[in-house]
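Enquirer: The structure under discussion is supplied below as structure tokens; questions concerning it will follow.
The values are calculated or read from the model by the stated rules, or taken from the named source; none is laboratory data. If you're wondering where the values come from, they're calculated on a predicted model, not measured in any experiment. Note: ideal-geometry Cβ built from the backbone for every residue, glycine included; neighbour counts use all protein chains shown.
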Amino acid sequence: MKLIDGKATSAQIKEEIAIEVKNLKKKGLKTPHLAAVLVGTDGASMTYVNSKVKACEKVGFNSTLIDLPEDTTEEQLLHEIDLLNKDADIDGFIVQLPLPKQIDEQKVLMAVDPNKDVDGFHPTNVGKMTLEIPTFLPATPFGIMELLERYEIETSGKNVVVIGRSHIVGRPMSILMSQKRKAGDATVTLAHSRTKNLKELTLQADIVVVALGVAEFLTGDMVKEGVTIIDVGITRLPDATKKRGYRLAGDVDFESVSKKAGYITPVPGGVGPMTIAMLLKNTLLAVTKNFS
Ligand code: NAD
């Protein structure tokens with residue numbers, strides 16, 4: 001079994017980005033500037049946004065955090081987005097999800113200028129991704145594609161099962177891996193909560209991407225020898241032995257699955273750190289337009 005080290009790979013990508021930023025500055029070009037909008041005080045969201053802002057500093061980007069109260073109205077948030085769309089110094093921005101219930105998430109994502117949509121959630125960018133037109137890819141799937149590429153995991157003609165059909169992970173993963181591209185050309189099955197014969201499907205899979213949000217869901221008896229496992233799940237499980245009172249668990253029962261896997265991503269230290277690195281990559285792409 002070989003561990004796919006997302007922490008080390010993301011550190012390498014950040015170093016590559018930092019070099020590009022230095023080069024941009026040397027040429028007298030603009031310093032990339034990412035803004036993040038946070039509405040409310042959800043613990044996990046605050047942690048994610050803070051890590052994103054910190055990561056910006058590390059690679060030499062400028063960053064702005066717009067911290068809005070829980071009772072922000074949809075109109076107020078749309079106004080903030082309008083300001084960011086018009087601000088020439090901001091290259092890209094994200095609105096941290098989930099949003100409080102008084103705000104229509106879809107309306108907000110639609111309001112983001114597609115050219116600054118470094119999360120890749122705007123329908124224009126989802127459409128471009130689907131049609132294989134170079135654009136911002138959603139950060140988590142982008143990170144997984146990067147891991148598969150950098151670890152030279154063969155995907156062409158392989159059976160891939162993606163578990164979970166969310167708009168931010170499962171669905172784009174299934175689209176990307178079925179495309180004619182690096183880490184693509186696979187035969188993809190997208191499984192979800194209504195899938196009846198999941199174990200039958202996963203036992204056939206060469207690669208399983210697990211993104212359903214149920215801790216330790218995929219077990220060793222569900223996979224074949226040599227399988228590649230990409231574990232996207234992050235669940236906080238109560239753990240009194242930890243100072244913070246919880247531990248992070250993936251969607252994969254690492255203990256049993258790692259015994260059969262050829263490659264596997266750990267949680268933490270697998271897909272999670274890649275998501276932030278690829279958000280930075282998208283922000284750099286917003287400046288350079290150097291989409292490959
Ligand atoms: P989601 O919560 O929006 O949707 C879950 C999906 O799983 C649904 O499509 C549902 O049909 C499917 N599902 C639920 N139960 C199932 C079952 N028993 N069998 C098969 N499919 C089932 O999903 P999400 O937003 O993609 O999040 C999934 C997990 O990934 C969560 O733990 C989340 O925290 C994590 N996540 C991690 C990162 C990262 O950077 N590592 C990024 C995004 C999400």
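Enquirer: Being at pLDDT 95 or above, more than 19 Å from the chain's Cα centre (by Cα) and either aromatic (Phe, Trp, Tyr) or outside any loop (DSSP other than H, G, I, E, B) (or both) narrows it down to one of LEU38, LEU65, LEU109, so name that one. Walk me through it before giving the result.
Expert: Details: LEU38 fails: more than 19 Å from the chain's Cα centre (by Cα); LEU109 fails: more than 19 Å from the chain's Cα centre (by Cα).
It is LEU65.
Enquirer: Also, quick follow-up: Just give me the residues in the range 1-53 being basic (Lys, Arg) and over 26 Å from LYS101 (Cα atoms), in sequence order. Show your work before the answer.
Expert: So the first thing to find is which residues in the range 1-53 are basic (Lys, Arg), and the list is 2, 7, 14, 22, 25-27, 30, 52.
Those that are basic (Lys, Arg) and over 26 Å from LYS101 (Cα atoms): LYS2, LYS7, LYS14, LYS22, LYS25, LYS26, LYS27, LYS30.
Enquirer: Specify which of the listed residues (LYS14, LYS30, LYS22) is assigned to a helix (DSSP H, G or I) and farther than 15 Å from ILE276 by Cβ. Show your work before the answer.
Expert: Working: LYS14 fails: farther than 15 Å from ILE276 by Cβ; LYS30 fails: assigned to a helix (DSSP H, G or I).
None of the others qualify; the one that does is LYS22.
Enquirer: Then there's this: Pick from GLY120, GLY92, GLY43, GLY6: which is among the small types (Gly, Ala, Ser) and over 29 Å from ILE133 (Cβ atoms)?
Expert: Values: GLY120 fails: over 29 Å from ILE133 (Cβ atoms); GLY92 fails: over 29 Å from ILE133 (Cβ atoms); GLY6 fails: over 29 Å from ILE133 (Cβ atoms).
Only one candidate passes the filter, namely GLY43.
Enquirer: Here's something else I'd like to know. Which residues, counting only those in the range 83-106, are crowded, with 16+ Cβ neighbours inside 10 Å and either of a type in the set (D, E, K, R) or under 20 Å from the mean Cα position of the chain (by Cα) (or both)?
Expert: ASP91, GLY92, PHE93, ILE94, VAL95, GLN96, LEU99
Enquirer: Yes or no: the range 234-250 includes at least one residue that is more than 20 Å from MET274 (Cα to Cα) and crowded, with 16+ Cβ neighbours inside 10 Å. Give the derivation first.
Expert: Let us first name the residues in the range 234-250 that are more than 20 Å from MET274 (Cα to Cα), namely 237-246.
Right, trim to crowded, with 16+ Cβ neighbours inside 10 Å and you get none.
The answer is no, given that none of the residues of the range 234-250 is more than 20 Å from MET274 (Cα to Cα) and crowded, with 16+ Cβ neighbours inside 10 Å.
Enquirer: Within the range 186-197, restricting attention to residues that are outside any loop (DSSP other than H, G, I, E, B) and more than 10 Å from the ligand (Cβ to nearest atom), which residue is farthest from LEU148 (Cα to Cα)? Spell out how you get there, then give the answer.
Expert: Here is the first cut: in the range 186-197, the ones outside any loop (DSSP other than H, G, I, E, B) are 187-191.
Still in the list and also more than 10 Å from the ligand (Cβ to nearest atom): 187-189.
Numbers: THR187: 15, VAL188: 15, THR189: 18 Å.
If we take residues in the range 186-197 being outside any loop (DSSP other than H, G, I, E, B) and more than 10 Å from the ligand (Cβ to nearest atom), then THR189 is farthest from LEU148 (Cα to Cα).
Enquirer: Out of the residues in the range 122-149 meeting the condition of being without any contact (Cβ under 8 Å) to a residue 12 or more places away in the chain, farther than 19 Å from LEU284 by Cβ and not hydrophobic (A, V, I, L, M, F, W, C), tell me which one is surrounded by the fewest Cβ atoms within 10 Å (Cβ to Cβ).
Expert: Checking each candidate, the answer is GLY127.
Enquirer: Taking the residues in the range 150-176 that are within 11 Å of VAL188 (Cα to Cα) and among the aliphatic types (A, V, I, L, M) as candidates, determine which candidate is surrounded by the fewest Cβ atoms within 10 Å (Cβ to Cβ).
Expert: ILE175
Enquirer: Find the residue count for the range 12-50, including only residues that are of a type in the set (Gly, Ala, Ser) and either exposed (fewer than 14 other Cβ atoms within 10 Å of the Cβ) or in contact with a Lys or Arg (Cβ under 8 Å, 6 or more places away or on another chain) (or both). Walk me through how you get there before you give the answer.
Expert: From the range 12-50, those of a type in the set (Gly, Ala, Ser) are 18, 28, 35-36, 40, 43-45; that's our starting set.
Filter once more, keeping what is either exposed (fewer than 14 other Cβ atoms within 10 Å of the Cβ) or in contact with a Lys or Arg (Cβ under 8 Å, 6 or more places away or on another chain) (or both): 18, 28, 36, 43-44.
Summing the residues that are of a type in the set (Gly, Ala, Ser) and either exposed (fewer than 14 other Cβ atoms within 10 Å of the Cβ) or in contact with a Lys or Arg (Cβ under 8 Å, 6 or more places away or on another chain) (or both) in the range 12-50 gives 5.
Enquirer: May I ask you to list the residues in the range 251-292 that are within 9 Å of the ligand (Cβ to nearest atom), assigned to a helix (DSSP H, G or I) and either over 14 Å from the mean Cα position of the chain (by Cα) or aliphatic (A, V, I, L, M) (or both)?
Expert: VAL271, MET274, ILE276
Enquirer: Mind counting the residues in the range 198-250 that are more than 9 Å from the ligand (Cβ to nearest atom), in a loop (DSSP other than H, G, I, E, B) and among the aliphatic types (A, V, I, L, M)?
Expert: Final tally of qualifying residues: 4.
Enquirer: Return a yes/no flag: does the range 157-173 have any residue that is β-branched (Val, Ile, Thr), more than 13 Å from the ligand (Cβ to nearest atom), more than 16 Å from VAL271 (Cα to Cα) and in contact with a Ser or Thr (Cβ under 6 Å, 6 or more places away or on another chain).
Expert: Checking the range 157-173: not a single residue is β-branched (Val, Ile, Thr), more than 13 Å from the ligand (Cβ to nearest atom), more than 16 Å from VAL271 (Cα to Cα) and in contact with a Ser or Thr (Cβ under 6 Å, 6 or more places away or on another chain).
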